Amino acid sequence: MSDVMVDVHGVHKSFGPLEVLRGVDLRVRAGEVTVILGPSGSGKSTLLRTINHLEKVNRGWISIDGELIGYRRSEDRRAARRASVEGGGGRRAGKLHELKEKEVLKQRTHIGFVFQNFNLFPHLTVLENLVEAPVSALRRPRKDAEDTARRLLERVGLADKTDAYPRQLSGGQQQRVAIARALALEPKVLLFDEPTSALDPELVGEVLDVIKDLASTGTTMIVVTHEIGFAREVADTVVFMDGGVVVEQGSPAAVLDAPRHERTRAFLSKVL
Ligand code: ADP
Ligand code: MG
């Protein structure tokens with residue numbers, strides 16, 4: 001069995017009286033691509049935000065590369081340890097490390113997040129967008145960060161846009177910069193929240209092509225998207241969420257072509 005990179009176990013999350021995640025389990029192996037599908041409001045973005053520690057969970061636990069975050073209750077901590085010891089619990093099975101608050105911030109720098117609306121720094125050039133975090137958060141020498149940035153921009157096909165400002169780029173180009181910027185932090189896992197939803201249809205392909213290229217080189221990714229064709233082609237695992245739970249998950253063929261649950265069938269009939 002390959003290494004587990006992201007392990008989400010029994011995660012609950014409420015906003016006031018609204019229970020948005022109602023016991024989510026998800027396991028993503030290193031080098032694999034997981035695509036999450038589900039209707040609006042089903043908790044997909046909230047799940048990504050808990051994985052990135054932007055939201056604290058109320059119950060359950062999450063480990064990233066064997067480092068435990070997110071538990072709030074001692075019984076969750078015990079359950080996490082047990083799962084870890086009993087195997088399949090991560091690359092450092094039995095040695096799940098509990099992160100302190102400061103370490104959580106550090107770990108977050110190794111979790112890439114690509115948003116629907118790109119979220120580039122508008123006042124910085126493309127190159128500066130990629131250099132900023134490695135220099136300020138990882139303390140990389142500026143020269144090294146710039147070399148890495150140029151290499152990444154080449155990889156996403158934007159070597160000629162180094163000195164442009166975000167507003168001078170198309171949406172597709174801005175999103176490719178955002179992906180390169182996430183990669184500049186050498187993430188253990190890349191999270192995408194509907195990365196092509198804000199794009200004109202003719203620009204969707206260029207962004208999906210970049211994500212496909214990353215998938216082929218073994219980048220661990222969780223991608224929330226409504227692009228079923230992409231899921232079919234790229235995902236190792238497809239997860240269908242509804243009402244704050246994982247309704248079903250499996251290979252693209254299993255979930256997309258032979259869904260077992262009525263809710264999955266109803267959703268797919270709307271988006272296919
Ligand atoms: P999805 O990404 O699947 O569309 P979300 O995770 O964004 O779903 O949202 C799930 C539910 O949680 C929605 O009803 C949304 O309004 C609610 N929600 C999300 N974030 C917050 C928040 N910070 N405060 C209150 N409610 C929230
Ligand atoms: Mg969302």
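Of the listed requirements (1) more than 21 Å from Val8 (Cα to Cα); (2) open to solvent by 10 Å² or more (accessible area, probe 1.4 Å); (3) more than 16 Å from ligand 2 (Cβ to nearest atom), Thr219 misses just one: (1).
Scanning region 246-260 for residues that are open to solvent by less than 50 Å² (accessible area, probe 1.4 Å) and either hydroxyl-bearing (Ser, Thr, Tyr) or away from ligand 2 (no atom under 16 Å from the Cβ) (or both) returns Val247, Glu248, Gly250, Pro252, Ala254, Val255, Leu256, Pro259. One residue is enough: does region 192-199 have a residue meeting the conditions within 16 Å of ligand 1 (Cβ to nearest atom), among the hydroxyl-bearing types (Ser, Thr, Tyr), surrounded by fewer than 21 Cβ atoms within 10 Å (Cβ to Cβ) and in contact (Cβ under 8 Å) with a residue 60 or more places away in the chain? Yes, because at least one residue in region 192-199 is within 16 Å of ligand 1 (Cβ to nearest atom), among the hydroxyl-bearing types (Ser, Thr, Tyr), surrounded by fewer than 21 Cβ atoms within 10 Å (Cβ to Cβ) and in contact (Cβ under 8 Å) with a residue 60 or more places away in the chain. Answer with yes or no whether Ala180 is in contact with a helix residue (DSSP H, G or I) (Cβ under 6 Å, 6 or more places away or on another chain), more than 25 Å from Gly10 (Cβ to Cβ) and more than 16 Å from ligand 2 (Cβ to nearest atom). Spelling it out, Ala180 is indeed in contact with a helix residue (DSSP H, G or I) (Cβ under 6 Å, 6 or more places away or on another chain), more than 25 Å from Gly10 (Cβ to Cβ) and more than 16 Å from ligand 2 (Cβ to nearest atom).
Give the number of residues within region 119-144 that are in contact (Cβ under 8 Å) with a residue 60 or more places away in the chain and open to solvent by 30 Å² or more (accessible area, probe 1.4 Å). Can you show your working first?
First, the residues of region 119-144 that are in contact (Cβ under 8 Å) with a residue 60 or more places away in the chain: 120.
Still in the list and also open to solvent by 30 Å² or more (accessible area, probe 1.4 Å): none.
Count: 0.
Please work out which residue is farthest from ligand 1 (Cβ to nearest atom), limiting yourself to region 1-49 and to residues that are among the polar types (S, T, N, Q) and part of a loop (DSSP other than H, G, I, E, B).
Here the answer is Ser2.
The values are calculated or read from the model by the stated rules, or taken from the named source; none is laboratory data. Everything numeric here is computed off the predicted structure, so don't read it as measured data. Using ideal geometry, Cβ is built from the backbone for each residue, glycine included, and neighbour counts are taken over all protein chains shown. Ligands, DNA and RNA are stripped out before the accessible areas are found, and what is left, the full protein with its side chains, is counted by its heavy atoms. Shrake-Rupley method; radii C 1.70, N 1.55, O 1.52, S 1.80 Å.
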